[in-house]
2 protein chains.
Amino acid sequence: MKRNAFYAQSGGVTSVINATAASLILTAKKYPKIIGKVYAGKNGIIGALREELIDTSKESVSSIKNLMEIPGGAFGSCRYKLKNYDEDSSEYERLIEVFKAHNIGYFFYNGGNDSADTAFKISKLGAKVGYDIKCIAIPKTVDNDLALTDCCPGFGSVAKYIATSTQEASLDLKSMAESSTKVFILEVMGRHAGWIAAAGGLAKNEVTNAPHIILFPEINFNQKSFLAKVKKSVAEDGYCVVVASEGIKNAKGKFLTESDTTDSFGHAQLGGVAPYLSNLVTKNLKLKTHWAVPDYLQRSARHLSSKTDLLQAQAVGVKAVEFAVKGMNSVMPIIVRGKTKNYSWKIEAAPLSKIANVEKKLPKSFITKDGYGITKKAIDYLRPLIKGEAEISYKDGIPKIGSLKLIEVRKKLKRWI
Amino acid sequence: MKRNAFYAQSGGVTSVINATAASLILTAKKYPKIIGKVYAGKNGIIGALREELIDTSKESVSSIKNLMEIPGGAFGSCRYKLKNYDEDSSEYERLIEVFKAHNIGYFFYNGGNDSADTAFKISKLGAKVGYDIKCIAIPKTVDNDLALTDCCPGFGSVAKYIATSTQEASLDLKSMAESSTKVFILEVMGRHAGWIAAAGGLAKNEVTNAPHIILFPEINFNQKSFLAKVKKSVAEDGYCVVVASEGIKNAKGKFLTESDTTDSFGHAQLGGVAPYLSNLVTKNLKLKTHWAVPDYLQRSARHLSSKTDLLQAQAVGVKAVEFAVKGMNSVMPIIVRGKTKNYSWKIEAAPLSKIANVEKKLPKSFITKDGYGITKKAIDYLRPLIKGEAEISYKDGIPKIGSLKLIEVRKKLKRWI
């Protein structure tokens with residue numbers, strides 16, 4: 001029996017999440033006897049709650065294919081966290097109601113461990129109330145912190161951006177250091193895990209010897225030791241490059257930029273970690289610094305996406321449909337690394353119960369003993385993920401972006417409040 | 001009579017200044033009867049003062065060609081400003097002394113209007129003391145503020161980076177705006193002129209309608225009008241993208257981040273324009289913001305260099321040598337735009353006397369009446385400069401960089417203090 005599918009993007013977007021969406025939509029078209037239409041949630045799961053469903057069948061195949069090259073979430077995403085199911089199951093029940101109204105038998109949720117948890121709960125509720133729904137969570141997060149999967153689509157591209165930017169800025173700094181800036185600090189994303197910061201370490205080469213210091217959220221920040229290391233690097237190489245995770249904490253477990261301020265509101269807004277560290281270095285070592293905070297630029301840089309990452313983002317979209325068509329439920333297509341010396345990977349199914357709400361931190365064995373660098377083990381893990389340059393078309397000097405019609409399905413239910 | 005050449009990089013580096021250096025060195029090899037060796041100043045003009053001259057003839061042709069793809073200044077640059085000639089001519093005399101000692105008859109100075117002034121003064125001093133030296137200043141500055149030349153090598157690539165990054169981050173913001181961040185602020189370089197900020201306007205498209213606001217150093221910042229424009233953009237599109245020059249000033253002509261602070265030292269270090277504006281928006285409009293400061297990343301992003309910019313950077317290097325060989329003195333190879341509808345350009349010689357110390361600001365006609373956008377005239381000027389993608393080789397997922405031997409010539413003079 002033919003049933004429709006619902007797809008939603010969740011949480012912070014990436015430069016390749018639309019490639020997952022496009023692959024999923026195109027693959028679903030191969031099973032016209034099993035999957036009817038693919039509806040996309042307008043602004044993620046909120047779109048399902050509000051019954052705002054975008055009918056992707058109204059889009060041309062070429063505009064869906066164009067999505068492969070467009071960063072961000074084309075249907076909209078959200079950071080909306082559903083209420084605790086045990087305390088208030090009304091939102092989950094509303095989702096089932098909307099799914100029923102539109103004959104939705106397949107729920108694809110493209111996000112992190114939060115989304116895996118939501119998909120997991122809906123599959124349980126479906127079983128409980130006797131509503132047949134196959135729930136597939138699809139991995140997506142620049143934070144690379146999902147359990148079971150070897151890596152997360154979105155991460156490889158940010159890693160490539162940070163490694164490239166670190167190398168480029170280090171060459172700039174080296175040119176100027178004799179008479180000008182001596183310390184450069186790059187603040188990168190990753191509030192809870194140091195995967196992105198670690199990727200900065202891939203920039204290390206014999207020309208610049210940078211980065212000299214990586215600051216991970218997994219290692220408590222020690223001001224004295226940090227300043228000593230900056231001083232030593234400047235003495236040895238003439239300059240010092242620091243890659244700092246936005247999530248670094250002091251010995252008391254507080255975020256650096258939360259501590260040491262009088263006006264927490266004002267300063268929390270003003271200060272990032274990079275300007276904070278820059279200030280420390282200037283005050284204590286009297287060295288000229290520069291700092292950068294690429295913020296959204298790092299996770300939306302489709303112009304510099306990793307080919308490996310793009311292929312994996314596409315593959316999880318394809319496999320999600322294939323798993324659903326096979327009748328699998330409550331699973332995630334995960335990336336499994338081959339045991340061969342040359343990097344290889346394949347997609348397998350893993351149970352959501354083991355992924356939901358679990359956070360994978362950077363292993364201790366990836367961080368050097370002094371806490372400021374990455375080990376060979378980390379390099380061996382990271383390097384394949386940034387390999388290859390994903391194709392992209394330019395128009396008038398900037399990446400070409402198409403547009404979608406984004407036509408919504410007629411509502412059948414009462415408004416959700 | 002064969003004489004040697006001296007080449008130095010000056011001021012902030014760019015993603016294509018090494019392409020100018022490489023083209024100059026390779027072109028000089030075509031005139032072996034006129035030009036002997038090309039010496040490069042170690043860390044710019046400081047290298048001449050200290051008699052630290054890198055012998056580029058010791059480098060292989062392939063490693064010189066590699067320079068075409070490497071950002072930063074391969075021989076080192078500096079922000080060293082020579083003393084005022086009328087008050088103390090000792091530094092200029094030292095330069096002539098070093099040039100004499102190494103039979104240098106050609107001085108190529110690759111920088112901005114400051115460097116044009118230095119080259120101009122040395123050519124005058126040479127004539128005065130009867131030392132034959134051809135002085136050619138070669139344009140380079142991401143600020144695009146040199147007189148006479150249509151544009152400056154280095155600018156087109158930053159413009160391409162900012163336009164691309166603005167577009168990418170806007171797509172990201174649009175995805176999230178319904179439930180999360182509503183305002184994104186991108187701080188760009190350009191302390192005195194708004195050329196780079198203007199380039200953000202090239203990102204405008206029908207999908208995002210961003211950027212909504214560009215803040216130029218040429219227009220005094222008006223907090224009330226700015227906040228009203230942010231509010232209106234969020235009301236209309238659901239979000240607001242701001243591209244802000246680091247050099248914006250208040251009505252009193254003071255840099256924004258200098259004003260309105262109690263602890264000027266601490267805040268000058270802590271605050272950039274972007275976090276300052278972000279704080280304003282949060283405080284006054286209660287909207288969630290994100291901000292980015294790419295800093296060095298924008299001017300060293302060789303992975304995203306404009307092909308047009310690269311070709312122009314190469315051409316000025318070639319022409320500098322050709323002008324010198326023809327016996328021209330005290331000139332700069334400038335870029336002249338063709339009058340045809342389709343963009344064309346050629347290199348001509350312009351007198352340093354008309355370039356030295358002159359700063360070209362963004363014309364009023366390039367800024368929309370409300371002061372927050374760019375006009376069609378600006379777009380017609382800017383667009384050709386970012387066109388084309390400069391080739392680059394990757395290794396292990398990041399741009400490949402070669403290394404130079406950087407062998408110094410044996411000193412002949414006393415140490416300079």
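One residue is enough: does the stretch A:355-368 have a residue meeting the conditions closer than 30 Å to A:Arg50 by Cα, away from chain B (no Cβ under 14 Å), out of contact with any helix residue (DSSP H, G or I) (no Cβ under 7 Å at 6 or more places or on another chain) and not β-branched (Val, Ile, Thr)? Step through it out loud before you land on a result.
Here is the first cut: in the stretch A:355-368, the ones closer than 30 Å to A:Arg50 by Cα are A:355-359.
Narrowing further to those that are away from chain B (no Cβ under 14 Å): A:355-359.
In the following step, the residues that additionally are out of contact with any helix residue (DSSP H, G or I) (no Cβ under 7 Å at 6 or more places or on another chain) were identified as none.
No - not one qualifying residue is present in the stretch A:355-368.
For the stretch B:377-386, check the following and say yes or no: at least one residue is among the hydroxyl-bearing types (Ser, Thr, Tyr), in a helix (DSSP H, G or I) and either free of Cβ contacts under 8 Å to residues at least 60 places away in the same chain or within 14 Å of another protein chain (Cβ to nearest Cβ) (or both).
So the first thing to find is which residues in the stretch B:377-386 are among the hydroxyl-bearing types (Ser, Thr, Tyr), and the list is B:381.
After this cut, where a residue has to be in a helix (DSSP H, G or I) as well, the list is B:381.
Next, from what is left, pick out any that are either free of Cβ contacts under 8 Å to residues at least 60 places away in the same chain or within 14 Å of another protein chain (Cβ to nearest Cβ) (or both): B:381.
Yes, there is a match, as at least one residue in the stretch B:377-386 is among the hydroxyl-bearing types (Ser, Thr, Tyr), in a helix (DSSP H, G or I) and either free of Cβ contacts under 8 Å to residues at least 60 places away in the same chain or within 14 Å of another protein chain (Cβ to nearest Cβ) (or both).
Which one is surrounded by the most Cβ atoms within 10 Å (Cβ to Cβ), of the residues in the stretch A:231-262 that are touching a strand residue (DSSP E or B) at 6+ places or on another chain (Cβ under 8 Å) and farther than 27 Å from A:Asp143 by Cα?
The residue in question is A:Tyr239.
Taking B:Lys341 and the conditions (1) out of contact with any Gly (no Cβ under 6 Å at 6 or more places or on another chain); (2) in contact (Cβ under 8 Å) with a residue 12 or more places away in the chain; (3) among the basic types (Lys, Arg), which numbered condition does it fall short on, given that it satisfies the others?
Going through (1) out of contact with any Gly (no Cβ under 6 Å at 6 or more places or on another chain); (2) in contact (Cβ under 8 Å) with a residue 12 or more places away in the chain; (3) among the basic types (Lys, Arg) one by one, B:Lys341 breaks only (2).
In the stretch A:309-336, which residue that is of a type in the set (D, E, K, R) and assigned to a helix (DSSP H, G or I) is surrounded by the most Cβ atoms within 10 Å (Cβ to Cβ)?
A:Asp309
With the checklist (1) over 26 Å from the mean Cα position of the chain (by Cα); (2) hydrophobic (A, V, I, L, M, F, W, C); (3) surrounded by fewer than 24 Cβ atoms within 10 Å (Cβ to Cβ) in hand, flag the one item A:Ala147 doesn't pass.
The single condition A:Ala147 does not satisfy is (1).
Identify the residue in the stretch B:289-317 that is of a type outside the set (A, V, I, L, M, F, W, C) and within 22 Å of B:Tyr109 (Cβ to Cβ) and, among all such residues, is nearest to the other protein chains (Cβ to nearest Cβ).
Filtering the stretch B:289-317 down to residues of a type outside the set (A, V, I, L, M, F, W, C) leaves B:289-290, B:294-296, B:298-300, B:302-303, B:305-309, B:312, B:314, B:317.
The next check asks that each one be within 22 Å of B:Tyr109 (Cβ to Cβ); those that pass are B:299-300, B:309, B:312, B:314, B:317.
On the way: B:Arg299: 7, B:Ser300: 4, B:Asp309: 10, B:Gln312: 14, B:Gln314: 18, B:Gly317: 17 Å.
Out of the qualifying residues, it is B:Ser300.
Just to check your reading of the model, which residue among B:Lys341, B:Lys283 is over 30 Å from B:Asn66 (Cβ atoms), within 14 Å of chain A (Cβ to nearest Cβ), at pLDDT below 95 and more than 20 Å from the chain's Cα centre (by Cα)?
Values: B:Lys341 fails: within 14 Å of chain A (Cβ to nearest Cβ).
Going through B:Lys341, B:Lys283 in turn, just one is over 30 Å from B:Asn66 (Cβ atoms), within 14 Å of chain A (Cβ to nearest Cβ), at pLDDT below 95 and more than 20 Å from the chain's Cα centre (by Cα): B:Lys283.
So how many residues does the stretch A:42-90 have that are outside any loop (DSSP other than H, G, I, E, B), among the charged types (D, E, K, R) and within 14 Å of chain B (Cβ to nearest Cβ)? I'd like the intermediate steps shown before the answer.
Here is the first cut: in the stretch A:42-90, the residues outside any loop (DSSP other than H, G, I, E, B) are A:45-49, A:53-58, A:61-69, A:90.
Then keep just the ones that are among the charged types (D, E, K, R); that gives A:55, A:58, A:65, A:69.
Filter once more, so that each one left must be within 14 Å of chain B (Cβ to nearest Cβ): A:69.
Residues that pass the stated criteria total 1.
Looking only at the stretch A:162-183, count how many residues are more than 29 Å from A:Ile386 (Cα to Cα) and crowded, with 24+ Cβ neighbours inside 10 Å.
0
Let me confirm something: among B:Ala210, B:Ala198, which residue is under 23 Å from the mean Cα position of the chain (by Cα), surrounded by 23 or more Cβ atoms within 10 Å (Cβ to Cβ) and at pLDDT 95 or above?
On the way: B:Ala210 fails: under 23 Å from the mean Cα position of the chain (by Cα).
Exactly one residue qualifies, and that residue is B:Ala198.
Among the residues in the stretch A:169-192, are any more than 10 Å from chain B (Cβ to nearest Cβ), of a type in the set (D, E, K, R) and in a strand (DSSP E or B)?
No: zero hits.
Look at the stretch B:393-413 and say how many of its residues are more than 9 Å from chain A (Cβ to nearest Cβ) and modelled with pLDDT under 95.
Within the stretch B:393-413, the subset more than 9 Å from chain A (Cβ to nearest Cβ) is B:393, B:395, B:400, B:405-413.
Pick out the ones that are also modelled with pLDDT under 95 and you get none.
Adding up the residues that qualify gives 0.
For the stretch B:344-361, enumerate the residues that are crowded, with 18+ Cβ neighbours inside 10 Å, assigned to a loop (DSSP other than H, G, I, E, B) and modelled with pLDDT of 95 or more.
Of everything in the stretch B:344-361, just one residue is crowded, with 18+ Cβ neighbours inside 10 Å, assigned to a loop (DSSP other than H, G, I, E, B) and modelled with pLDDT of 95 or more, namely B:Ile355.
Considering the stretch B:96-112 alone, what residues qualify as being under 26 Å from B:Leu146 (Cα atoms) and either buried (at least 23 other Cβ atoms within 10 Å of the Cβ) or without any contact (Cβ under 8 Å) to a residue 12 or more places away in the chain (or both)?
Across the stretch B:96-112, the qualifying residues are B:Tyr106, B:Phe107, B:Phe108, B:Tyr109, B:Asn110, B:Gly111, B:Gly112.
Which one of these does A:Ile374 not meet: (1) surrounded by 24 or more Cβ atoms within 10 Å (Cβ to Cβ); (2) in the same structural domain as A:Ala177 (by TED's automatic domain parsing)?
(2)
Taking the stated definitions as given, is A:Ala390 of a type in the set (Gly, Ala, Ser) and either within 14 Å of another protein chain (Cβ to nearest Cβ) or over 24 Å from A:Lys42 (Cα atoms) (or both)? Write out each step before concluding.
Values: of a type in the set (Gly, Ala, Ser): yes; either within 14 Å of another protein chain (Cβ to nearest Cβ) or over 24 Å from A:Lys42 (Cα atoms) (or both): yes.
Yes; evaluated as a whole, the condition is true for this residue.
Please verify whether the stretch B:157-165 includes one or more residues that are over 19 Å from B:Tyr372 (Cα atoms), among the charged types (D, E, K, R), part of a helix (DSSP H, G or I) and modelled with pLDDT of 95 or more.
Scanning the stretch B:157-165 turns up at least one residue that is over 19 Å from B:Tyr372 (Cα atoms), among the charged types (D, E, K, R), part of a helix (DSSP H, G or I) and modelled with pLDDT of 95 or more.
The values are calculated or read from the model by the stated rules, or taken from the named source; none is laboratory data. The structure displayed is predicted, hence computed values, not measured ones. Because the Cβ atoms are built from the backbone with ideal geometry, glycine has one as well, and the counts that use them run over all protein chains shown.
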